[in-house]
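Engineer: Quick one: the structure is below, questions incoming.
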Amino acid sequence: MMLSEIYMIFIGLLILIVGVLVGVAFLTLLERKVLGYIQIRKGPNKLGIMGILQPFSDAVKLFTKEQTYPKFSNYIMYYFSPVVGFILSLFMWMVIPYYFNMVSFNLGVMFILCCMSLGVYVVMVAGWSSNSNYSLLGGLRAVAQTISYEVSLAMILLSSVIMIMNYNLLMYNFYQENIWFMFLMFPLSLCWISSMLAETNRTPFDFAEGESELVSGFNVEYSSGGFALIFLAEYSSILFMSLMFILVYMGGFNLNMLFYLKLTFISFLFIWVRGTLPRYRYDKLMYLAWKSYLPISLNFLLFFLGVKIFLM
């Protein structure tokens, strides 16, 4: 590979990351506007035209505030865990199956699962290194929740992997030309939607941030830049999970307007659920993962394995 090609790949990845960050900025604006109208009030509407510059002013405010840290915290880990979490959430975007100028390899699904698993350590270290009981409790709850739902996410993903017999994300497009996998695996796609809500710690599964009993979860001691990075990592994960749902169940990757409309709709679904549903109970959340989704996903896994063997 020529040096100029390597430079082009890096420039392409840089443009992708900037695009993700701009997408995250406007997703936060969309969330505040939609939640405002759900609660019969206006969202941000002063800054710029219809509040369109609000996310950027929030970013400037957060990153220019004074960085405070607890006196007895484990400072290095406390400082760097949001940075590592943010980098990991951007790392997952590297395997988007663009047809040009990107990192494309045959083990994309495995890479995504590895990055998601590493995200657990970031939450755990962020909760522990603050040396606060509240943040430790919030971190432990978030870790237990994330690990539980990663199992069901991996099992659900395996069913679709068995259908295409490949870990390459580009292959999903070829196999869904005639019919979307969402129609072939309808119960599994619904399980995936609720599992991705739980995986990203979103309502109705936002137990890491149960304000009434845990203040604000594992990020309670973070302020300014650290908090902003945790916030960016969460919303970047929301966009990525929406993208994964489209790749696996809604026709795969097509570089057209419909693809981006689907992505916007699934991201909007996260906000819609937040404005509609109350918080779930923690024991019921665990019950749902281990006693409902795991048996369902394992049964479907065996079923699709049988279908694939029969068709071969």
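Engineer: Looking at ILE162, ILE156, which one is of a type in the set (Val, Ile, Thr), surrounded by 15 or more Cβ atoms within 10 Å (Cβ to Cβ), farther than 19 Å from LEU13 by Cα and touching a Lys or Arg at 6+ places or on another chain (Cβ under 9 Å)?
Structural biologist: Checking each option against the conditions leaves just ILE162.
Engineer: While we're on this one: Do we have any residue at all in segment 36-52 that's part of a helix (DSSP H, G or I), within 18 Å of ALA228 (Cα to Cα) and either at pLDDT 90 or above or not polar (S, T, N, Q) (or both)?
Structural biologist: No - not one qualifying residue is present in segment 36-52.
Engineer: May I ask you to verify whether LYS61 is assigned to a loop (DSSP other than H, G, I, E, B) and farther than 21 Å from PHE270 by Cβ?
Structural biologist: So LYS61 fails the test.
Quick grid of which residues meet (1) aliphatic (A, V, I, L, M); (2) modelled with pLDDT of 90 or more:
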| position | (1), (2) |
| --- | --- |
| PHE181 | no, yes |
| PRO204 | no, no |
| LEU214 | yes, no |
| MET244 | yes, yes |
| TYR249 | no, yes |
| PHE253 | no, no |
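Engineer: Against the definition (assigned to a helix (DSSP H, G or I), closer than 24 Å to LEU62 by Cβ, out of contact with any Leu (no Cβ under 6 Å at 6 or more places or on another chain) and of a type outside the set (Lys, Arg)), how does ALA208 come out, yes or no?
Structural biologist: The answer is yes for ALA208.
Engineer: Output the residues belonging to segment 120-140 that are part of a helix (DSSP H, G or I) and surrounded by fewer than 23 Cβ atoms within 10 Å (Cβ to Cβ).
Structural biologist: Those that are part of a helix (DSSP H, G or I) and surrounded by fewer than 23 Cβ atoms within 10 Å (Cβ to Cβ): VAL120, TYR121, MET124, VAL125, TRP128, ASN133, TYR134, LEU136, LEU137, LEU140.
Engineer: May I pose another question? Being polar (S, T, N, Q), at pLDDT 90 or above and closer than 23 Å to ASN168 by Cβ narrows it down to one residue among SER89, SER57, SER81; which is it?
Structural biologist: Criteria check complete, one pass: SER89.
Engineer: Are any of the residues in segment 288-296 under 22 Å from the mean Cα position of the chain (by Cα), closer than 13 Å to SER194 by Cα, exposed (fewer than 13 other Cβ atoms within 10 Å of the Cβ) and in contact (Cβ under 8 Å) with a residue 24 or more places away in the chain?
Structural biologist: Checked segment 288-296: no residue is under 22 Å from the mean Cα position of the chain (by Cα), closer than 13 Å to SER194 by Cα, exposed (fewer than 13 other Cβ atoms within 10 Å of the Cβ) and in contact (Cβ under 8 Å) with a residue 24 or more places away in the chain.
Engineer: Next question, about the same structure. Is there a residue being modelled with pLDDT of 90 or more, touching a Phe, Trp or Tyr at 6+ places or on another chain (Cβ under 9 Å) and either not in a loop (DSSP other than H, G, I, E, B) or not basic (Lys, Arg) (or both) anywhere in segment 95-108?
Structural biologist: Among the residues of segment 95-108, not one is modelled with pLDDT of 90 or more, touching a Phe, Trp or Tyr at 6+ places or on another chain (Cβ under 9 Å) and either not in a loop (DSSP other than H, G, I, E, B) or not basic (Lys, Arg) (or both), which makes the answer no.
Engineer: Could you please find all residues in segment 240-287 being among the charged types (D, E, K, R), more than 20 Å from GLU177 (Cα to Cα) and outside any loop (DSSP other than H, G, I, E, B)?
Structural biologist: Result: ARG274, ASP283, LYS284.
Engineer: Which pairs turn up if I take residues in segment 47-64 that are over 19 Å from TYR222 (Cα atoms) and look for partners that are polar (S, T, N, Q) with beta carbon separation below 7 Å, at least 6 apart in sequence or on another chain?
Structural biologist: Pairs found: LEU47/GLN54; LEU47/SER57; GLY51/ASN45; PRO55/THR28.
Engineer: Still on this structure, I have one more. Within segment 64-74, restricting attention to residues that are loosely packed, with under 13 Cβ neighbours inside 10 Å and at pLDDT 85 or above, which residue is farthest from SER129 (Cα to Cα)?
Structural biologist: THR64
Engineer: If you go through segment 269-292 one residue at a time, how many are over 12 Å from PHE205 (Cβ atoms) and touching a helix residue (DSSP H, G or I) at 6+ places or on another chain (Cβ under 6 Å)?
Structural biologist: The number of residues fulfilling the criteria is 2.
Engineer: Next question, about the same structure. Please go through (1) over 28 Å from TYR134 (Cβ atoms); (2) of a type in the set (A, V, I, L, M, F, W, C); (3) touching a residue at least 60 places away in the same chain (Cβ under 8 Å) for PHE265 and return the number of the only condition it doesn't satisfy.
Structural biologist: Result: PHE265 passes all but (3).
Engineer: Looking at (1) surrounded by fewer than 17 Cβ atoms within 10 Å (Cβ to Cβ); (2) modelled with pLDDT under 90, which is the one condition that is false for GLU221?
Structural biologist: GLU221 satisfies every listed condition except (1).
The values are calculated or read from the model by the stated rules, or taken from the named source; none is laboratory data. Keep in mind that what you see is a predicted model, and the values were worked out from it rather than measured. Because the Cβ atoms are built from the backbone with ideal geometry, glycine has one as well, and the counts that use them run over all protein chains shown.
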